[in-house]
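This report refers to the structure that appears directly beneath it.
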Amino acid sequence: MTDEMTEIKQMNFGWLHAPPFPPACCHCLMVRSGTGVVLVDTGIGLQDIADPVGRIGQEAIDAAGFLFLPAITAVRQLEQLGIRPMEVSDIVLTHFDPDHVGGLADFPQAKIHVAEEEKRNLDSGNPRYSAAQFAHKPNWITYETDDCDTLGVASRRVHTALGIDIRLVPLFGHTNGHCGVAIQANDAWTLHVGDAYYLRDELTNTKHPVDELATLRADDNQRRLESLEVLRQLTRRTDVELTYFGYHDVGELPGDILRLEDVLKELKGYGTEQNRKVYRRHGVGGDVYGVSYAHLGKLQKAIGLDQELALALCDSGVHDARVLATMVADPQAMKSGDLERWCKSLDNYVVTDAFVKLAGKSRFAQAKMKKWIRSRNEWIASAGWGVAGSLALQDEGLSGEEMDGLLETIEGDIHQQKNRVRHAMNMTLISIGLHSEAFKRKAKAAAKRIGKVEVDHGETNCKTPDA
């Protein structure tokens, strides 16, 4: 096989986001030739998504901010490239931390290449690893002897089905067997440094704030610092063509992978002071850019559906980003937990109305409606009634019995509810009346008995329509 037949593609197989910290990626490699496919690390896998607590543990999930996005997994992204799971012959691992190995089980036939020291670290019961992620009994191939030199660093040749030059480069410290992965192809070197650094700036700033986290997470911090110094020396070389990157620095991702920071920057550029004043009058607090719905619509059209981005946008805390999140999220990809988390974050009617449009199209719409309309929280209850109205307008959204029950609840409770809940209930009454001629009569009769619904719209010209 020749170098010209080798494709090396940088890919992102997962996102981590634990606010207030910025998002972190799971930057991996796909190496393809005529004889197969090799992956370098695997990110978050489908089995992690199916059983996150069982495979990773709640403490680790919360600490790192795992986002469970099926479309971002290695197996799903490779399928989009026309690559079947069985075509992945080999996986080379930097180390065994849960966010690096989650996808292993999605490729059960692959040979797993790793440093012998890291395998011993796993077998020792090191609590940083999750045994459940290796329950499928991977086919291990381990390497303990340095048998080559990679850009001046003692290394170990990795033997894969592709037959190309792949090497484990010991960069111990983050874990006891942590390695970088170097690939020589097309007259150039590519070096994946794993978690030898979290952020590229660590190479030039020896007192970077992230060093505190890196120190805390290191199995052997002294060796970690020594490995970081090796990288500093290696990356200063000018006599070779070298592409290098770490696992978590979003700034190192290729430009064709859309990043949260890019979208927020563009959003901010569209904001105006006049729009910020308008949003404030409508009860929007916190961080507001003041982006018009016309510009939000343009961004939605440009982005399309992007579930991974939507989750990060919602977590950003920026009002305009939260609204955009509801527009680019895939309703069918929304998990029950995602909907609950987003609903609990609602704090004004503008974002609540946007959220309702998304939640009403999700597969959990009915269940969430029934739960949320009972909430004592004004925004959660408003969302529940908004979803009810959305379902009433769908052909098979609600049964006649369910709509009768909602009408009875509205008629009996509307005047005792909080301000925006009254508005949402009134709008649901109207939606039920639009369902059919029979329910139009029922809704009109209920509206007559209810009388005028008073809603305070603040310093705006908005009005609650009469049912």
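The values are calculated or read from the model by the stated rules, or taken from the named source; none is laboratory data. Only a predicted model underlies this, so the values are computations on that prediction, with no experimental measurement involved. Quick reminder, even Gly has a Cβ in these numbers, built from the backbone with ideal geometry, and neighbours come from all protein chains shown. Only protein heavy atoms, including side chains, enter the accessible area calculation; ligands, DNA and RNA are left aside. Shrake-Rupley method; radii C 1.70, N 1.55, O 1.52, S 1.80 Å.
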Study note, to complete from the structure: Residue hits (the stretch 173-217; surrounded by 20 or more Cβ atoms within 10 Å (Cβ to Cβ) and within 11 Å of H95 (Cβ to Cβ)) are G173, H174, T175, G177, H178, C179, G180, V181, G194, D195, A196
**Study point:** Selected residue (criterion: farthest from N348 (Cα to Cα)) from residues of the stretch 445-461 that are within 44 Å of the chain's Cα centre (by Cα) and free of Cβ contacts under 8 Å to residues at least 24 places away in the same chain
**Key:** A447
Check your understanding: Which of the residues belonging to the stretch 300-310 are assigned to a helix (DSSP H, G or I), more than 12 Å from the chain's Cα centre (by Cα) and at pLDDT below 90?
Key -> K301, A302, I303
Revision key, fill the gap. Out of (1) farther than 23 Å from L311 by Cβ; (2) at pLDDT 90 or above; (3) of a type in the set (V, I, T), the one T42 does not meet is (1)
Point to revise | Lone unmet requirement of (1) open to solvent by 30 Å² or more (accessible area, probe 1.4 Å); (2) under 19 Å from L168 (Cβ atoms); (3) not aliphatic (A, V, I, L, M) for Y247 | key: (1)
**Study point:** Residue in the stretch 428-445 that is in a loop (DSSP other than H, G, I, E, B), open to solvent by 40 Å² or more (accessible area, probe 1.4 Å) and within 28 Å of R280 (Cβ to Cβ) present
**Key:** no
Point to revise | Among (1) at pLDDT 95 or above; (2) open to solvent by less than 10 Å² (accessible area, probe 1.4 Å) - the single one V53 does not satisfy | key: (2)
Study note, to complete from the structure: Those residues of the stretch 85-115 which are closer than 21 Å to P52 by Cα, acidic (D, E) and either open to solvent by 10 Å² or more (accessible area, probe 1.4 Å) or without any contact (Cβ under 8 Å) to a residue 24 or more places away in the chain (or both) amount to D99, D106
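Taking the residues in the stretch 358-392 that are touching a Ser or Thr at 6+ places or on another chain (Cβ under 6 Å) and open to solvent by 30 Å² or more (accessible area, probe 1.4 Å) as candidates, determine which candidate is nearest to V455 (Cα to Cα). Can you show your working first?
Going through the stretch 358-392, the residues touching a Ser or Thr at 6+ places or on another chain (Cβ under 6 Å) turn out to be 358, 360, 364, 379, 381-383, 385, 388-389, 392.
If we keep only those that are open to solvent by 30 Å² or more (accessible area, probe 1.4 Å) as well, we get 364, 379.
Details: F364: 29, W379: 14 Å.
Top of the filtered list is W379.
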Revision key, fill the gap. Reported set for the stretch 225-244 where residues are among the aliphatic types (A, V, I, L, M) and either farther than 12 Å from L171 by Cα or open to solvent by less than 40 Å² (accessible area, probe 1.4 Å) (or both) is L228, L231, L234, V240, L242
Review point. What's the number of the condition A321 fails, among (1) within 30 Å of A64 (Cβ to Cβ); (2) among the small types (G, A, S); (3) open to solvent by 10 Å² or more (accessible area, probe 1.4 Å)?
Key: (3)
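So if I check each of E118, E144, which one is crowded, with 21+ Cβ neighbours inside 10 Å and touching a residue at least 12 places away in the same chain (Cβ under 8 Å)?
Working: E144 fails: crowded, with 21+ Cβ neighbours inside 10 Å.
Answer to the selection: E118.
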Review point. Are any residues in the stretch 393-412 modelled with pLDDT under 95 and either open to solvent by less than 10 Å² (accessible area, probe 1.4 Å) or at positive phi (or both), and if so, which ones?
Key: G397
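Looking for whichever is assigned to a loop (DSSP other than H, G, I, E, B), at pLDDT 95 or above and closer than 28 Å to G36 by Cα here; the options are G194, G180. Which one fits? Outline the logic, then answer.
Working: G180 fails: assigned to a loop (DSSP other than H, G, I, E, B).
Result: G194 is the single residue among G194, G180 that is assigned to a loop (DSSP other than H, G, I, E, B), at pLDDT 95 or above and closer than 28 Å to G36 by Cα.
Only residues that are in a helix (DSSP H, G or I) and β-branched (V, I, T): list them for the stretch 197-217, please.
Residues of the stretch 197-217 that are in a helix (DSSP H, G or I), as a first pass: 200-203, 211-217.
Within the stretch 197-217, T215 is the sole residue that qualifies.
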Revision key, fill the gap. Per the filter on the stretch 221-272, residues in contact (Cβ under 8 Å) with a residue 12 or more places away in the chain, within 26 Å of H319 (Cα to Cα) and among the small types (G, A, S) are G251, G271
Revision key, fill the gap. Reported set for the stretch 36-80 where residues are touching a helix residue (DSSP H, G or I) at 6+ places or on another chain (Cβ under 8 Å) and among the β-branched types (V, I, T) is V37, T42, I44, I49, V53, I56, I61, I72, T73, V75
Study note, to complete from the structure: By residue number, the members of the stretch 168-177 that are in a loop (DSSP other than H, G, I, E, B) and among the β-branched types (V, I, T) are T175
